[in-house]
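Student: Sharing a structure here in structure tokens format.
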Amino acid sequence: QVQLVESGGGLVQPGGSLRLSCAASVRAFSSYAMAWFRQAPGKEREFLAAVRWIATNLYYADFVKGRFTISRYNAKNTVYLQMNKLKPEDTAVYYCAARPDHPFGLERPDEYTYWGQGTQVTVSS
């Protein structure tokens with residue numbers, strides 16, 4: 001059983017930065033691939049980034065490359081999403097997700113077994 005709790009969302013001006021955190025209550029945290037998705041009202045859930053249990057194996061959606069960075073701190077059972085150069089179109093609810101690690105389908109929401117409740121990110125001046 002895995003419980004995920006996101007935090008760090010809020011209101012930020014365009015061009016600003018936020019760091020989201022996802023705390024996982026799981027013993028073998030390093031055995032899971034972790035990912036971030038987002039969903040805006042009326043839109044489908046979008047893949048943003050994933051990190052496998054080998055923390056140097058990082059994967060990004062093309063539209064966030066160069067702006068967003070995923071990382072994990074296994075000793076704290078936490079995954080982060082650093083978001084820079086935020087734009088109004090980044091406004092959405094951001095979710096973390098987890099699955100037992102394997103190398104396929106990291107961008108697919110249906111591949112993830114566990115989800116957090118989401119944290120709201122609003123980018124506005």
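Student: May I ask you to verify whether residue 69 is among the hydroxyl-bearing types (Ser, Thr, Tyr), over 12 Å from the mean Cα position of the chain (by Cα) and modelled with pLDDT of 95 or more?
Tutor: Considered against the rule, which asks whether it is among the hydroxyl-bearing types (Ser, Thr, Tyr), over 12 Å from the mean Cα position of the chain (by Cα) and modelled with pLDDT of 95 or more, residue 69 comes out as no.
Student: Is there a residue in region 57-65 that is farther than 17 Å from residue 23 by Cβ, open to solvent by 10 Å² or more (accessible area, probe 1.4 Å) and among the β-branched types (Val, Ile, Thr)?
Tutor: no
Student: Return yes or no: is residue 52 of a type in the set (D, E, K, R) and surrounded by 17 or more Cβ atoms within 10 Å (Cβ to Cβ)?
Tutor: Answer is yes for this residue.
Student: Right, next: Can you tell me how many residues in region 112-125 are surrounded by fewer than 16 Cβ atoms within 10 Å (Cβ to Cβ) and not β-branched (Val, Ile, Thr)? It would help to see each step written out before you state the result.
Tutor: First, the residues of region 112-125 that are surrounded by fewer than 16 Cβ atoms within 10 Å (Cβ to Cβ): 113, 117, 120, 122, 124-125.
Those left that are additionally not β-branched (Val, Ile, Thr): 117, 120, 124-125.
The total comes to 4.
Student: Considering only strands (runs of 3 or more DSSP E) fully contained in region 6-71, which possess at least 3 residues that are farther than 17 Å from residue 109 by Cβ and either of a type in the set (Gly, Ala, Ser) or touching a helix residue (DSSP H, G or I) at 6+ places or on another chain (Cβ under 6 Å) (or both)?
Tutor: 18-25
Student: Please specify each residue of region 82-104 satisfying the condition of being modelled with pLDDT of 95 or more and either open to solvent by 10 Å² or more (accessible area, probe 1.4 Å) or assigned to a loop (DSSP other than H, G, I, E, B) (or both).
Tutor: 82, 84, 85, 86, 87, 88, 89, 91, 93, 95
Student: Residues in region 15-25: is at least one touching a residue at least 40 places away in the same chain (Cβ under 8 Å), open to solvent by 30 Å² or more (accessible area, probe 1.4 Å) and of a type in the set (Lys, Arg)?
Tutor: Yes, the conditions are met somewhere in region 15-25.
The values are calculated or read from the model by the stated rules, or taken from the named source; none is laboratory data. Here the structure is a predicted model, which is why all the values come from computation and not from measurement. Methodologically, a virtual Cβ is constructed for each residue, glycine included, from the backbone with ideal geometry; neighbour enumeration extends over all protein chains shown. Surface accessibility is based on the protein's heavy atoms, side chains included, excluding ligands, DNA and RNA. Shrake-Rupley method; radii C 1.70, N 1.55, O 1.52, S 1.80 Å.
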